[in-house]
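These notes are about the structure you will find just below.
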Amino acid sequence: MPLAPEYEAMFAQLAENEPAPAISDLPTDQAREVYRAMRPLLAELPIHRCEDRIIQGSQGDIPLRIYTPEGDGPFGLLVYFHGGGWVIGDLDCSDAVCRQLATQAGVRVISVAYRLAPEDLFPVAVVDCFDAVCWVADNMSALDGNGKLGVTGESAGGNLAAVVCLKSREEKGPKINFQCLLYPVTDADMTRPSYEENGAGYLLETQTMAWFWDTYCPQESQRSHPYASPLRAASLAELPPALVITAEYDPLRDEGEAYAEALNNAGTPATYSCYPGLVHDFLATAALFECSKPGLAEAVNAFRQHLA
C-alpha cells in the first residue's frame, strides 16, 4: 500500500529543508547526536517509576534503566535492547518506547545500555546483553518478578534479543519465556529484495546498514556467526516463542520475515506481522502517529499474554 499519510507528510517536510548528510558520513559522536534528536525524550509520557542503576557484567559495568508500571507486583520482567546499528542509540533514545511498553503491558522493563562500536566490537554487545539478562533472572525476586522473563529490541536491539535467546540455549542460561523482535537485523546479507525496494528514501538506508556492519563487525568472516547473523544458526529449535514485527518500507523486512519462517520451520512458534505503509523504526513515533500505534499494541498484547 502507499506510504502512511503521516509518514508521507513527514518526508515532505524533510524534503523542504536543506539536505542533511547521511548518518554514515558523520563522525560517530555526531551520528549519535543526530539519532538522539530523532528519538528525543518525551518526559510527559506516563510511568509510575523510573530509575537508573549500574550492574557489574563479566566485562565491566552495564548501565540499566528500570521502568515500573502502576499497580501491585509481581510483574513480568522484560529486558529491552535499543536500536542504532550497534553504533548509535542509548537509554534516552529508547525511553519513550520503554515507558509505553511498561505502562500499557503492565510489565517491568529493564533497558540495557550495552557497549557500542567502534569502541567495542562484536561480540562485546552480545556479552553485555546476555550478562544483563542473567542479572535480571538472578534478581527475579528483588525485582518483584513473577517468574516470567522476556526479551525485546528494535533493529540491532532485535538482533541482540534473538542472539541472547540463542546464547542462553547454547550455554544453558536463564529460561526466556518470550522474544519480541521489532524490525530486527537477522542476517548480514544485504541482497534481499527489500533492500532493493527500500534501500533509499525511508530513514534506514542500505549505505547506513553497510556502515553499521563495517563498524560493529569489521571482520567479514565473523558476520556469518549466528551471534551476528542469527538466521544462520545451525538450529533454531527449542527457542522461546516469538513475535517478529516488520514494516513494508524497511530494508530489513525480508530478513525479519525469513527469521520468523525459519523459527516456525524449526518448531519454535513464531508470529509474523508486517505493517503496511510504515518504515523502519516506526515505534519511535507510536506516541505521535496513529499509523504506528497498532504495531505497539500488538507487542503490548503479546507481552500481556506471555509475561502476565
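The values are calculated or read from the model by the stated rules, or taken from the named source; none is laboratory data. What you are looking at is a predicted structure, and each value in this text was computed from that prediction instead of being measured. Note that we place each Cβ from the backbone using ideal geometry, even for glycine, and neighbour counts take in every protein chain shown.
Among all positions in segment 58-68, there is at least one residue which is within 20 Å of residue 177 (Cα to Cα), among the hydrophobic types (A, V, I, L, M, F, W, C) and either surrounded by fewer than 23 Cβ atoms within 10 Å (Cβ to Cβ) or in contact with a helix residue (DSSP H, G or I) (Cβ under 6 Å, 6 or more places away or on another chain) (or both). For segment 252-274, indicate whether the set of residues that are surrounded by 21 or more Cβ atoms within 10 Å (Cβ to Cβ), at pLDDT 95 or above, among the basic types (Lys, Arg) and more than 20 Å from residue 114 (Cβ to Cβ) is non-empty. Within segment 252-274, one or more residues are surrounded by 21 or more Cβ atoms within 10 Å (Cβ to Cβ), at pLDDT 95 or above, among the basic types (Lys, Arg) and more than 20 Å from residue 114 (Cβ to Cβ). Before we move on, is residue 65 part of a strand (DSSP E or B), among the charged types (D, E, K, R) and touching a Cys at 6+ places or on another chain (Cβ under 8 Å)? Yes.
On inspection, residue 166 qualifies as out of contact with any His (no Cβ under 8 Å at 6 or more places or on another chain) and among the hydrophobic types (A, V, I, L, M, F, W, C). Looking at segment 193-308, the helices (runs of 4 or more DSSP H) lying wholly inside it that each contain 1 or more residues that are touching a Lys or Arg at 6+ places or on another chain (Cβ under 6 Å) and at negative phi sit at 193-198, 253-265, 293-307.
Filtering segment 275-305 to residues that are surrounded by fewer than 17 Cβ atoms within 10 Å (Cβ to Cβ) and either of a type in the set (Asp, Glu) or closer than 19 Å to residue 259 by Cα (or both) leaves 276, 290, 298. Close Cβ contacts (under 6 Å, 6 or more residues apart or on different chains) running from residues in segment 267-284 that are farther than 16 Å from residue 205 by Cβ to residues that are at pLDDT below 95 and surrounded by fewer than 21 Cβ atoms within 10 Å (Cβ to Cβ) comprise 276/1; 277/1.
For residue 291, the criteria (1) in contact with a Pro (Cβ under 7 Å, 6 or more places away or on another chain); (2) closer than 30 Å to residue 10 by Cβ hold in every case but one, which is (1).
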